[in-house]
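Let me begin by presenting the structure, written as structure tokens, before commenting on it.
Coordinate-derived values only; no laboratory data. A quick note: this is a predicted structure, and the numbers were derived from the prediction, not measured. When we count neighbours, we look across all protein chains shown, and the Cβ atoms used for this are built from the backbone with ideal geometry, even at glycine.
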Amino acid sequence: MSIDHFEDLEVWKESRALAASVYKVTGERGFASDFGLRDQIRRAAVSVMSNIAEGFERGGNAEFIQFLYIAKGSCGEVRSQLYVAKDQSYLSEKEFNELFKSFKRLSVMLNNLIVYLKGSSLKGAKFKKAPPRTMREEMELLMKQMNKPS
């Protein structure tokens, strides 16, 4: 199976679902009025999916790995903030446990992807060589580029 877009990655799909869960619980009860914690945990949750996407779009495995580490760090940040929310009684024990376990699992998924990419001989899409073009194809491409509206 070919992964052509970051939206195809299971780890990104999971991070998106968890960001939605964070938005849901932070819009309820006392959590909603604790603007600092609410905004920070939301930013951290969104950071996970954003860094997966940005790293993937860079087109190289080395950069992708860097962004996956940042996403993994944001998972840790969310888990830490979940403790604060629990200590302030913004989350029930059940809500805390479900979110905590989900972000822990996501962190493991990110780590597994990092390990896979580090062991892969592939360097990423931007290192793929384009198939050779004929002189005519090159000229047609150049003409299209020159005639593009700015």
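Some points to look at:
- Ranked list, fewest to most other Cβ atoms within 10 Å of each Cβ, for MET109, MET49: MET109, MET49
- Likely footprinting exposure, SER47, SER33, fewest C-beta neighbours within 10 Å first: SER33, SER47
- Placing unit charges on each Cβ (+1 for Lys and Arg, -1 for Asp and Glu) gives segment 6-125 a dipole about its Cα centre, and among PHE56, GLY119, GLN81 the Cα reaching farthest toward its positive end belongs to GLY119.
- Under 14 Å, Cβ to Cβ, from ILE114 - net charge with Lys/Arg +1 and Asp/Glu -1: +1
- With each label modelled as a point 7 angstrom along the Cα→C-beta vector, the ASN147-VAL115 pair spans 5.4 nm.
- HIS5 paired with ARG105, simple spin-label distance in nm, labels 7 Å along Cα-to-beta-carbon: 2.5
- The calculated P(r) of segment 6-125, using every Cα pair and 10 Å bins from 0, goes 15, 46, 26, 12, 3 in percent.
- Put in order of Cβ neighbour count within 10 Å, fewest first, the listed residues ARG38, ARG29 become ARG29, ARG38.
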